[in-house]
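As structure tokens, the structure follows; a few thoughts come after it.
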Amino acid sequence: MLKILQARLQQYVNCEIPDVQAGFRKGRGTRDQIANIHWITEKAREFQKNIYFCFIDYAKAFDCVDHNKLWKILKDMGIPDHLTTNLYAGQEATVRTGHGTTDWFQIGKGVHQGCIFSPCLFNLYTEYIVRNTGLEEAQAGTKIAGRNINNLRYADDTTFMAESEEELKS
């Protein structure tokens, strides 16, 4: 069942996620992004441009996905919410400790680790955040072959780039 849902959601992912995100994409891998960074570095040298990188790895990224924000994001992207909300709505948990069991509590964050569906949800979630930071329109980055490149992503790893420290900080 999840495989069918994932195939449906993947259609949206393929339309919404740009090429700079290689994580959880068929035929793409970390080697592609490493090669891209190497190529960008070589082109910067060739054209005598400075290039600065900032590498970010988000800790416990899947655990930080807020469900209410995710539902809003999916709705804003035109993705039918019934594809996902039934998997997460009304989830509760309890924790067993050395002192007994806690009361039941609502789970409002996180996508399921190891679930075939979660990478798609995570990519859509992070893409929405990137779009709303204005990063795609930002002038920071480096122009190569007429294209401004200011970030590369692989799942929860993001590389920002700019031609100066000041640009990178902005």
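Restricting attention to the range 99-148, the residues being part of a loop (DSSP other than H, G, I, E, B) and of a type outside the set (Asp, Glu) number 21. If you check Asn50, Asn36 for being more than 22 Å from Thr126 (Cβ to Cβ), polar (S, T, N, Q) and touching a residue at least 40 places away in the same chain (Cβ under 8 Å), only one passes: Asn50.
Pairs linking a residue in the range 1-29 that is touching a residue at least 60 places away in the same chain (Cβ under 8 Å) and part of a strand (DSSP E or B) to a residue that is buried (at least 19 other Cβ atoms within 10 Å of the Cβ) and polar (S, T, N, Q), with Cβ atoms under 8 Å and 6 or more positions apart or on different chains, are Gln21/Asn123; Gln21/Thr126.
In this entry, Tyr52 is excluded by the filter for residues that are touching a helix residue (DSSP H, G or I) at 6+ places or on another chain (Cβ under 8 Å) and within 23 Å of Gly114 (Cβ to Cβ).
So that you can scan it fast, the table gives a plain yes or no per residue for (1) loosely packed, with under 13 Cβ neighbours inside 10 Å; (2) at pLDDT below 85; (3) within 30 Å of Pro80 (Cα to Cα):
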{"site": "Met1", "(1), (2), (3)": "yes, yes, yes"}
{"site": "Gln10", "(1), (2), (3)": "no, yes, yes"}
{"site": "Gln21", "(1), (2), (3)": "no, no, yes"}
{"site": "Gln33", "(1), (2), (3)": "no, no, no"}
{"site": "Ile40", "(1), (2), (3)": "no, no, no"}
{"site": "Lys43", "(1), (2), (3)": "no, no, no"}
{"site": "Phe47", "(1), (2), (3)": "yes, no, no"}
{"site": "Asn50", "(1), (2), (3)": "yes, no, no"}
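Screening Ala138 on (1) at pLDDT below 85; (2) farther than 25 Å from Met161 by Cα; (3) under 21 Å from the mean Cα position of the chain (by Cα) shows it passes everything except condition (2).
The values are calculated or read from the model by the stated rules, or taken from the named source; none is laboratory data. Keep in mind that this is a model prediction, so the values were computed, not measured. FYI the Cβ positions are ideal-geometry reconstructions off the backbone, even for glycines, and counts take in every protein chain you see.
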